[in-house]
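A short worksheet on the structure shown next.
The values are calculated or read from the model by the stated rules, or taken from the named source; none is laboratory data. Values in this document were obtained by computation on a predicted structure and should not be read as measured data. With ideal geometry, Cβ positions are generated from the backbone for all residues, glycine too; neighbour counts draw on all protein chains shown. Heads up: the accessible areas ignore ligands, DNA and RNA and are worked out on the full protein's heavy atoms, side chains in. Shrake-Rupley method; radii C 1.70, N 1.55, O 1.52, S 1.80 Å.
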Amino acid sequence: MIKTDHLCKRYQSVIAVEDITFQVRPGEVLGFLGPNGAGKTTTMRMLAGFVTPTSGRASIFGHDVQSEPLAARQSLGYLPEGAPSYGEMRVHAFLAFIADLRGLEGARKRARLHHVIERLQLASVLDRPIEALSKGFRRRVGLAQAMIHDPPALILDEPTDGLDPNQKHEVRTLINEMAREKIIVISTHILEEVDAVCTRAIIIARGRIVADDTPLQLAARSRYYNAVSLQLETAEQLAEARAAVEALPSVAQVEVSERDARLTALPRAGASILQAISDLSRSRGLKLKELHLESGRLDEVFRTITA
Amino acid sequence: MRNVGLILRRELASYFATPLAYIFIFIFLVLANAFTFYLGDFYQRGQADLKPFFAFHPWLYLFLIPALSMRLWAEERKSGTIELLMTLPVKTWEAVLGKYLAAWLFTGLALALTFPIWITVNYLGNPDNGVILASYLGSLLLAGGFLAVGSCMSALTRSQVVAFILGVVACFVLLLAGYPLVIDAFQGWAPQVLVKAIASLSFLTHFQSITRGVLEARDVLYFAMLIAFFLFTTTVALDLRKAE
Ligand SMILES: Nc1ncnc2c1ncn2[C@@H]1O[C@H](COP(=O)(O)OP(=O)(O)OP(=O)(O)O)[C@@H](O)[C@H]1O
Ligand SMILES: [Mg+2]
């Protein structure tokens, strides 16, 4: 289990992190969200033992990060922000170096090296100096380095930043596979990622936790939660459709996008409007291209909470 | 100790992965020989020994060693790899020692490559090889002392240029600690005990006493303690502000 207890970090006048408390259990994938400068990286650095908290404590599987640093680090795999690595080293030598420092030896070392090289598709760049790699490959080397000792807990600061869509998918699959028995904490600015991999999301703003919930529950806070979105064949029926939908008693508000002939109806609190709108479009003879129920928009919740 | 070895090996390999190592060795050899032959009147003295060769080492090291040590920690900070290293299950002192020993071994290699000059004097006459061996050891210790100071300066900053300048200044002060230039700066206001203590810290006095051919325990101890002190300071400096 990863625990933080009232973590604070102050840099001279700047308060980077102020009073962060949470716990993560094996099987959880925790996503850190928050605007730039919110304190995500600082929090992760305190978990990894790189930054000393001004006050508060953090522990990894019961080992206090400050008082038992080695024990805490042993069970942790860490990808620092920007995936730093020794640029002049070749990929294979670098991974072997990290494996050595992680205490891997002999057959197990070979097996783990083989595993991460395969999983992160690094075989083609093994003999290249890291500084000569593209950003995405460098990130993948950083990920390989973090998971080489098969740690029970992983802290990954923006693991998919700079990856192409295929690689993003690969890394998300990888995280989902490891998720069952591990603790994984990631930070990200990509909100789909939260839906794709996280079982829980913590939103941080100005160094404080402003939301801590499952992605579904967070999205449910959106005013688009249970909204109905319908797209018409042609824009001509848009005005008529709008008037009709607005007249429904359970509809609170209607938003219209002329460009794609789309109309989004927001329900009054707790109301369910899908059936009513579906009936209405049939009786009015609206030519529908698409009709669906929204589960809430995370980006909108994010903006509302962190504004 | 295993970790010290692993870090040492990686560091040493990284020297040779870039032109840095070759340039350093080249400049070291060129300057060492140039000083000896042009400034030291190697041939004209008509004596078969390496006195002029070793006499220039402190001045050679004064600039070359900080140039080598400036990258030790400043570069790790700049590139962010310090975050990687310090979050691995490695103790800070292991990293400090590993990186330091790699740099020292490397200077040792550069020093060893001056062997042709030793062959030359043996060819030209009958030098006292005991004195030469002691002088080589003294020179190695001197380089080790400079490197430890440089390691500490490098741990204080993320800028290699700043680390270099701090390194040169600190080494210069320690080199001449027993000489009027430094002593005068303390004379008058500092208590006499302190002035005496500073004077006894001089690199140059201890180095010269070794190059006379007697490897005295107190000189070796002096370098050992100085190195230990600066490596300890490096460790503390890193622990206190590794992320800043
Ligand atoms: N070494 C430092 N010295 C001074 N201030 C710092 C330092 N590191 C971080 N900060 C400040 O702490 C705050 C939090 O930074 P942090 O890097 O944790 O943000 P973040 O949430 O990771 O942002 P991003 O999304 O941009 O990565 C920022 O205001 C930053 O300027
Ligand atoms: Mg960050």
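Tabulated results
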{"read-out": "Value of relative contact order over chain B, rounded to a whole percent, pairs C-alpha under 8 Å and six or more apart", "value": "27"}
{"read-out": "Cα-based reach from A:Lys168 at 30 Å (exclusive), listing lysines while leaving out same-chain residues under 8 positions away", "value": "A:Lys3, A:Lys40, A:Lys109, A:Lys135, A:Lys182, B:Lys78"}
{"read-out": "Those trypsin sites (Lys or Arg not before Pro) in region A:226-282 that DSSP places in a loop and that have at most 11 other beta carbons within 10 Å", "value": "A:Arg259"}
{"read-out": "Computed label-point distance, nm, for sites B:Ser209 and A:His169 using a 7 Å Cα→Cβ extension", "value": "7.4"}
{"read-out": "Among A:Leu286, A:Leu76, A:Leu218: highest mean-square fluctuation, GNM of chain A, C-alpha pairs under 10 Å", "value": "A:Leu286"}
{"read-out": "Most fluctuating residue given options B:Ala143, B:Ala217, B:Ala32, as computed from a GNM of chain B linking Cα atoms under 10 Å", "value": "B:Ala217"}
{"read-out": "Cα-based equivalent ellipsoid of chain A: semi-axis lengths in Å, sorted from largest, via gyration tensor", "value": "45, 24, 16"}
{"read-out": "Cleavage-rule hits, trypsin sites (Lys or Arg not before Pro), region A:167-225, DSSP coil, Cβ neighbours within 10 Å at most 13", "value": "A:Arg180"}
{"read-out": "Selection of GluC sites (Glu not before Pro), region A:155-219, meeting DSSP coil and at most 15 other Cβ within 10 Å", "value": "A:Glu181"}
{"read-out": "Complex-versus-alone comparison for region A:36-71, residues with a loss of 40 Å² or more in accessible area, probe 1.4 Å", "value": "A:Phe50, A:Leu70"}
{"read-out": "3J(HN,Hα) from dihedral phi, region A:267-283, Karplus parametrisation 6.51/-1.76/1.60, rounded to Hz, x for glycine, proline", "value": "x, 5, 3, x, 7, 10, 10, 4, 4, 4, 6, 4, 4, 4, 5, 5, 5"}
{"read-out": "Compactness of region B:166-228 as Cα Rg over 2.2 N^0.38 Å, two decimals", "value": "1.16"}
{"read-out": "Lys/Arg +1, Asp/Glu -1 at C-beta; region B:98-244 dipole; positive extreme among B:Gly144, B:Pro127, B:Thr233", "value": "B:Thr233"}
{"read-out": "Positive-end residue of A:Gly162, A:Gly49, A:Val197, charge dipole of chain A with Cβ unit charges", "value": "A:Gly49"}
{"read-out": "Size of electric dipole in the protein assembly as shown: Cβ of Lys, Arg +1 and of Asp, Glu -1, about Cα centre, debye, nearest 20", "value": "500"}
{"read-out": "Förster radius 60 Å - calculated FRET efficiency between A:Glu236 and A:Gln121 (Cβ-Cβ, nearest 0.05)", "value": "0.75"}
{"read-out": "Magnitude of the charge dipole, region B:2-240, Cβ model with Lys/Arg +1 and Asp/Glu -1, debye to 20", "value": "300"}
{"read-out": "Approximate spin-label separation B:Ile119-B:Val169, in nm, with each point projected 7 Å along Cα-to-Cβ", "value": "4.4"}
{"read-out": "Over region B:1-130: Rg over Rh, Cα atoms, Kirkwood Rh", "value": "1.10"}
{"read-out": "Average beta-carbon neighbours from other chains, 10 Å sphere, peptide A:80-90", "value": "5"}
{"read-out": "Average accessible area per residue (Å²) across the protein assembly as shown - probe 1.4 Å, nucleic acids and ligands excluded", "value": "45"}
{"read-out": "Rough spin-label spacing in nm, given labels placed 7 Å along Cα→Cβ, for A:Glu181 and B:Glu216", "value": "6.5"}
{"read-out": "Under the Karplus curve 6.51 cos²θ - 1.76 cosθ + 1.60, θ = phi - 60°, whole-Hz ³J(HN,Hα) for region B:79-87, x wherever Gly or Pro sits", "value": "7, x, 5, 4, 5, 5, 5, 7, 10"}
{"read-out": "Histogram of C-alpha separations across the protein assembly as shown, 20 Å bin width, %", "value": "18, 38, 26, 12, 5, 1"}
{"read-out": "Estimated translational D of region B:113-202 in µm²/s (Stokes, Kirkwood radius over Cα pairs; 37 °C; 0.692 mPa s)", "value": "208"}
{"read-out": "Percent of alpha-carbon pairs separated by more than 32 Å within chain B", "value": "24"}
{"read-out": "Summed buried accessible area for A+B [probe radius 1.4 Å, Å², rounded to 100]", "value": "2500"}
{"read-out": "Residues in region B:70-85 occluded by at least 40 Å² - accessible area, probe radius 1.4 Å, against chain by itself", "value": "B:Thr81, B:Glu83, B:Leu84"}
{"read-out": "Ellipticity estimate at 222 nm from DSSP helix runs (n ≥ 4, -39,500 (n - 2.57)) divided over chain B, nearest 500", "value": "-24000 deg cm²/dmol"}
{"read-out": "Dipole axis of the protein assembly as shown (+1 Lys, Arg; -1 Asp, Glu on Cβ), positive-most option in B:Trp189, B:Ile165, A:Ile273", "value": "B:Trp189"}
{"read-out": "Separation between Cα centres of region A:1-67 and region A:269-307, rounded to whole Å", "value": "38"}
{"read-out": "Rounded to 5, percent antiparallel among DSSP beta bridges of the protein assembly as shown", "value": "70"}
{"read-out": "Contour minus Cα-Cα distance for A:Asp213 and A:Ser283 (0.36 nm per residue)", "value": "21.2 nm"}
{"read-out": "With every protein chain in place, the protein assembly as shown: carbon and sulfur % of accessible area (1.4 Å)", "value": "59"}
{"read-out": "Accessible-area ranking of B:Trp118, B:Trp73, largest first, probe 1.4 Å", "value": "B:Trp118, B:Trp73"}
{"read-out": "Within a Gaussian network of chain B (alpha carbon springs, distance under 10 Å), most fluctuating of B:Leu88, B:Leu201, B:Leu20", "value": "B:Leu88"}
{"read-out": "Point-charge dipole on Cβ atoms (K/R +1, D/E -1) for region A:222-296, about Cα centre, debye to 20", "value": "140"}
{"read-out": "FRET E, pair B:Ala17, B:Asn126, Förster distance 51 Å, beta-carbon r, rounded to 0.05", "value": "0.75"}
